[in-house]
Amino acid sequence: MYLPHHTWEELEAYISSESLAVVPVGSTEQHGPHLPEGTDYLIAEALAREATDRTGYLCTSPVRIGVSPHHRQFPGTMWVDAPVFRDYVENFSRNLTDHGIDRIVYVNAHGGNVDHLREVGRRLHEDGTAFAIEWMWDESIPQLIEEVFETPGPHGGPKETAMIMHIASELVREDRLEDARDGGTVFDYEAELVHGARTYYDAIENSPNGVFGDQTDATPEIGERLFEAATDQLVSLLEWLDARSVETLRPRPHVDS
C-alpha cells in the first residue's frame, strides 16, 4: 500500500487495523561512470514497494537525500548534515505515530545513513514513542552476495550494478562497466589504513572514480536473484515485527515504578 497513491479515507481504513509503516531511505550521490546518482533510493524504494505490495503493509514516500558528504567531490552529489538528517527522519517518524503507527522499518540502501537511522530508532524507543529499526538490503543476504561475486565492493560495485540492471536497466551505462572497474578500486578498499587507523574521509581518496569492486561481474539475472532474496528477507522481517506485542517492543524499565 503506497501512501502517496491513496486517499485519507483509505489510509484511515489501514490504520484502523494496522500499525506498521515502511520508509524507503537512500541517497542522491555519485555511483561512478555507469550508475545513476539515484541508485540508492531507487533500490530502497523498489524493495520497499515490492515487500509492501506482497504483504499489504504501508509504504511511505522515499527519502531521496541522505548523509553523503564523503562523495562531495563528485558533481551532482547531494547531502544533508547528519544532525539535520536525524532530526528530519525523527520528525516525520513522530508524525507517523500521530496517525497510529507504532512500528517502523527504515528500508535503507545507503551505508552513510546506517548509524543515523539507528540513532533515530534509539530515540523513539527510549521514550516509548515507536519501535523503529534500520534494515540494509545487502546485510540481509551476505551469503548470496559472497556466492555470486568475487569482489562485490562496498559502493557502486557489482551488487548495486546488478540490482539497477534488474529494476531500472535503462539507467545503467553498460558501455562504461569496464571503465568503472579500471578507474576505481577493485580489491584494496582500505588502501589508506595506516597502523590500524583509517586516514581517509572521502571516497575520492581511495577510489579515483568513486566506486569499488568489479562491475563487469554484474548481470540482470544476478540482480533478480539479489532482489528476490532481499525482498523475501524484508517480508519476513515485516511479518515478524507485526506479530510482536506492544509490550515486547517497549523499553524495559530500569526501576519499578
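The values are calculated or read from the model by the stated rules, or taken from the named source; none is laboratory data. Values in this document were obtained by computation on a predicted structure and should not be read as measured data. Counting neighbours? That spans all protein chains shown, and the Cβs are built from the backbone with ideal geometry, glycine included. Heads up: the accessible areas ignore ligands, DNA and RNA and are worked out on the full protein's heavy atoms, side chains in. Shrake-Rupley method; radii C 1.70, N 1.55, O 1.52, S 1.80 Å.
If I filter segment 146-154 for residues that are under 18 Å from the mean Cα position of the chain (by Cα), farther than 28 Å from GLN73 by Cα and in contact (Cβ under 8 Å) with a residue 12 or more places away in the chain, do I get at least one hit? No: segment 146-154 contains no residue that is under 18 Å from the mean Cα position of the chain (by Cα), farther than 28 Å from GLN73 by Cα and in contact (Cβ under 8 Å) with a residue 12 or more places away in the chain. Total residues in segment 139-164 satisfying the condition of being touching a Gly at 6+ places or on another chain (Cβ under 8 Å) and surrounded by fewer than 24 Cβ atoms within 10 Å (Cβ to Cβ): the figure is 4. Scanning segment 79-92 for residues that are open to solvent by 30 Å² or more (accessible area, probe 1.4 Å) and either touching a Gly at 6+ places or on another chain (Cβ under 9 Å) or at positive phi (or both) returns TRP79, VAL80. Hey, does segment 239-254 have a residue that's of a type in the set (Val, Ile, Thr) and either more than 22 Å from GLU146 (Cβ to Cβ) or open to solvent by 50 Å² or more (accessible area, probe 1.4 Å) (or both)? Yes, segment 239-254 contains a residue that is of a type in the set (Val, Ile, Thr) and either more than 22 Å from GLU146 (Cβ to Cβ) or open to solvent by 50 Å² or more (accessible area, probe 1.4 Å) (or both). Scanning segment 1-49 for residues that are of a type in the set (S, T, N, Q), farther than 30 Å from ARG72 by Cβ and part of a helix (DSSP H, G or I) gives no hits. Do you know which residues across segment 50-71 are acidic (Asp, Glu) and either touching a residue at least 60 places away in the same chain (Cβ under 8 Å) or assigned to a loop (DSSP other than H, G, I, E, B) (or both)? Matches in segment 50-71: GLU50 only. Among the residues of segment 48-67, those identified as touching a Ser or Thr at 6+ places or on another chain (Cβ under 7 Å) and within 24 Å of ALA82 (Cβ to Cβ) are ARG64, ILE65, GLY66.
Touching a helix residue (DSSP H, G or I) at 6+ places or on another chain (Cβ under 9 Å), in contact (Cβ under 8 Å) with a residue 40 or more places away in the chain, closer than 30 Å to ALA203 by Cα and crowded, with 21+ Cβ neighbours inside 10 Å: does that describe ALA132? So ALA132 fails the test. Figure legend. Inter-residue proximity from segment 6-17: first residues farther than 19 Å from SER61 by Cβ, second residues open to solvent by 90 Å² or more (accessible area, probe 1.4 Å) and β-branched (Val, Ile, Thr), beta-carbon distance below 9 Å, spacing 6+ or different chains. No pairs are indicated. Picking from LEU35, LEU42, LEU20, which residue would you name as being modelled with pLDDT of 95 or more, over 30 Å from GLU178 (Cβ atoms), out of contact with any Cys (no Cβ under 9 Å at 6 or more places or on another chain) and open to solvent by less than 50 Å² (accessible area, probe 1.4 Å)? From the options LEU35, LEU42, LEU20, the qualifying one is LEU20.
Residues in segment 165-176 that are under 11 Å from GLU224 (Cα atoms) and either touching a Pro at 6+ places or on another chain (Cβ under 6 Å) or open to solvent by less than 30 Å² (accessible area, probe 1.4 Å) (or both): 2 in all. Residues in segment 104-140 that are touching a Lys or Arg at 6+ places or on another chain (Cβ under 9 Å) and either basic (Lys, Arg) or over 27 Å from THR77 (Cα atoms) (or both): ARG123, LEU124, HIS125, GLY128, THR129, ALA130, PHE131, ALA132. Restricting attention to segment 93-129 and to residues that are among the acidic types (Asp, Glu) and over 20 Å from the mean Cα position of the chain (by Cα), the residue that is surrounded by the most Cβ atoms within 10 Å (Cβ to Cβ) turns out to be ASP102.
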